[in-house]
Amino acid sequence: MDTIALLEEEARRSFQFFYEEANTDEQSPGYGLIRDKTGENAKNIASIASVGFGLSAFVIGVERGWISYEEAYKRVKGTLHTFYHHVEHAHGFFYHFVNMQTGKRNEQFHDCASIIDTSLFLNGALTTASYFEGEVEEYFQKIYERVDWNKYYDKERNVYYMGYHEDTGGFGQWDMYAEQMMQYFLGVASPTHAVPAKIYQGFERRKLTYKDFTFYNSPGGALFTHQFSHAWFDFQSYLDSDGIDWFENSIIASKASRAFSIDQQANFKTYHQHAWGLTACEGPSGYIVPGTPPYYDEVKMQLDGTVPPCGAIGSIVFTPEAVKETMNYYYHTHPQLFGKYGFYDAYNEDIEPTWYADIVIGIDKGISLLMIDNYLHGTTWKYYMKHPLIKQAVTKLGFRRKEVGVDS
């Protein structure tokens, strides 16, 4: 299989996860909900973030000819109907995990409503609204206008809270650079509960250096923090109000991630130039969040040799040639790593015998699908960026388009 064929195959199989691992019972209050991950222990657990990636997946699916327009429209409209009428929320914010059949929050996780997972869902819903228009757009607007962004706005510190409890209020702070960039676009453009544009200046831009790589890193350096917002917003075309090029920043972060794996070859058998991209994934003992330095001083990162294919794949728009080499290495050297839904979640050669995950996680298949398709076809970027809401947000936040032909 040549490289482009492998990219398309990984994308197509990732799409199949969102198509098949969903509640398709039209009589169910949970119609359209998508599983958090495969595996018997998670069969009744839906992830709000997974649905966000899945909604964008249906747009890609139509464009690639994997699903008809009519079927995708039906699934998307039904999903948004479910979220408007049945999925449990607090002030418009949805919970991380809900029951696949009922849409009620999963009590076993002692969950709170999540601003970041809700934002991932809204990104997918907005993409479908831009693409399908009509009743899909109407449902999106009703869901979006219900979200009270001010509940998650800490006015004193000018940052978003990470979580909110009815009894105790907001907790945690989005006070650093990470995957939350999407929240600023969504929050300032709300026609009903907007937060002030100055919130964009509230988070710390901490520039750190690893070897020859100097960039704004997230506290633990997990690569998804440099990818998730980029899957929808086309940062390669814009500088922010301070002149920061966040797309270039993710290029540097991706190169640093690869360099770190190369540097760790003496300590870990798994890591090397073709096995890199440390990010949140399934590990031998459960869910882990490894990352790449430079770490914040308060973070003590634990590494165990686990590598997820989605870590590198999610950076294909940033470092395409390195990612292609890595995908070919995974596919040809570790055939056990490729299955029904494309690459499984992770593997670890520092365990004897080599450990391979036997599951896939929705958000990991999602970042793989959206970034591969953005690299090859630009589908999600095209429809997300053309929506009037995003255009308004760009203006309010003072983002400006890069000058063509000027090295920024």
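In the stretch 244-256, is there at least one residue being on the phi > 0 side of the Ramachandran plot and either assigned to a loop (DSSP other than H, G, I, E, B) or surrounded by fewer than 23 Cβ atoms within 10 Å (Cβ to Cβ) (or both)?
Restricting attention to the stretch 244-256, the residues satisfying the condition of being on the phi > 0 side of the Ramachandran plot are none.
Within the stretch 244-256, none of the residues are on the phi > 0 side of the Ramachandran plot and either assigned to a loop (DSSP other than H, G, I, E, B) or surrounded by fewer than 23 Cβ atoms within 10 Å (Cβ to Cβ) (or both).
Does TYR177 fit the bill of being of a type outside the set (A, V, I, L, M), at pLDDT 95 or above and touching a Lys or Arg at 6+ places or on another chain (Cβ under 9 Å)? Lay out the reasoning, then the answer.
Working: of a type outside the set (A, V, I, L, M): yes; at pLDDT 95 or above: yes; touching a Lys or Arg at 6+ places or on another chain (Cβ under 9 Å): yes.
Against the criterion (of a type outside the set (A, V, I, L, M), at pLDDT 95 or above and touching a Lys or Arg at 6+ places or on another chain (Cβ under 9 Å)), TYR177 qualifies.
May I ask you to verify whether TRP232 is closer than 30 Å to SER315 by Cα, in contact with a strand residue (DSSP E or B) (Cβ under 9 Å, 6 or more places away or on another chain) and either open to solvent by less than 40 Å² (accessible area, probe 1.4 Å) or modelled with pLDDT of 95 or more (or both)?
Working: closer than 30 Å to SER315 by Cα: yes; in contact with a strand residue (DSSP E or B) (Cβ under 9 Å, 6 or more places away or on another chain): no; either open to solvent by less than 40 Å² (accessible area, probe 1.4 Å) or modelled with pLDDT of 95 or more (or both): yes.
In short, no.
Please find, within the stretch 335-380, the residue that is most open to solvent (accessible area, probe 1.4 Å) out of those that are farther than 26 Å from HIS96 by Cβ and within 17 Å of the chain's Cα centre (by Cα).
TYR375
Do we have any residue at all in the stretch 293-301 that's open to solvent by 20 Å² or more (accessible area, probe 1.4 Å), in a helix (DSSP H, G or I) and basic (Lys, Arg)? Break it down stepwise before answering.
Within the stretch 293-301, the first condition is being open to solvent by 20 Å² or more (accessible area, probe 1.4 Å), and the residues that meet it are 295, 297-301.
From what's left, in a helix (DSSP H, G or I): none.
No: zero hits.
Can you tell me which residue within the stretch 257-292, out of those that are in a strand (DSSP E or B) and not small (Gly, Ala, Ser), is nearest to THR326 (Cα to Cα)? Show your work before the answer.
To start, the set of residues in the stretch 257-292 that are in a strand (DSSP E or B) comprises 272, 275, 281-283, 286-288.
Those left that are additionally not small (Gly, Ala, Ser): 272, 281-282, 287-288.
Working: HIS272: 10, CYS281: 17, GLU282: 19, TYR287: 23, ILE288: 21 Å.
Checked the stretch 257-292; the qualifying residue nearest to THR326 (Cα to Cα) is HIS272.
I need the full set of residues from the stretch 305-332 which are polar (S, T, N, Q) and either under 13 Å from ALA346 (Cβ atoms) or free of Cβ contacts under 8 Å to residues at least 24 places away in the same chain (or both), in order please. Explain how you work it out, then say what you get.
First, pick out the residues of the stretch 305-332 that are polar (S, T, N, Q): 306, 315, 319, 326, 328.
THR306 - this is the single residue of the stretch 305-332 that is polar (S, T, N, Q) and either under 13 Å from ALA346 (Cβ atoms) or free of Cβ contacts under 8 Å to residues at least 24 places away in the same chain (or both).
Among residues belonging to the stretch 257-267 that are free of Cβ contacts under 8 Å to residues at least 60 places away in the same chain and open to solvent by 40 Å² or more (accessible area, probe 1.4 Å), point out the one that is nearest to the chain's Cα centre (by Cα).
As a first pass, look at the stretch 257-267 and keep what is free of Cβ contacts under 8 Å to residues at least 60 places away in the same chain: 257, 259-267.
Keeping just the survivors that are open to solvent by 40 Å² or more (accessible area, probe 1.4 Å) gives 262-263, 265-267.
On the way: ILE262: 25, ASP263: 27, GLN265: 28, ALA266: 31, ASN267: 30 Å.
Step by step, filter the stretch 257-267, then rank; the result is ILE262.
Could we say that LEU397 is crowded, with 17+ Cβ neighbours inside 10 Å and either in contact with a strand residue (DSSP E or B) (Cβ under 8 Å, 6 or more places away or on another chain) or free of Cβ contacts under 8 Å to residues at least 24 places away in the same chain (or both) here?
Numbers: crowded, with 17+ Cβ neighbours inside 10 Å: yes; either in contact with a strand residue (DSSP E or B) (Cβ under 8 Å, 6 or more places away or on another chain) or free of Cβ contacts under 8 Å to residues at least 24 places away in the same chain (or both): no.
Against the criterion (crowded, with 17+ Cβ neighbours inside 10 Å and either in contact with a strand residue (DSSP E or B) (Cβ under 8 Å, 6 or more places away or on another chain) or free of Cβ contacts under 8 Å to residues at least 24 places away in the same chain (or both)), LEU397 does not qualify.
The values are calculated or read from the model by the stated rules, or taken from the named source; none is laboratory data. Please read these numbers as outputs of a predicted model, since none were measured by experiment. Neighbour counts run over all protein chains shown; Cβ positions are idealised from the backbone, glycine included. Ligands, DNA and RNA are stripped out before the accessible areas are found, and what is left, the full protein with its side chains, is counted by its heavy atoms. Shrake-Rupley method; radii C 1.70, N 1.55, O 1.52, S 1.80 Å.
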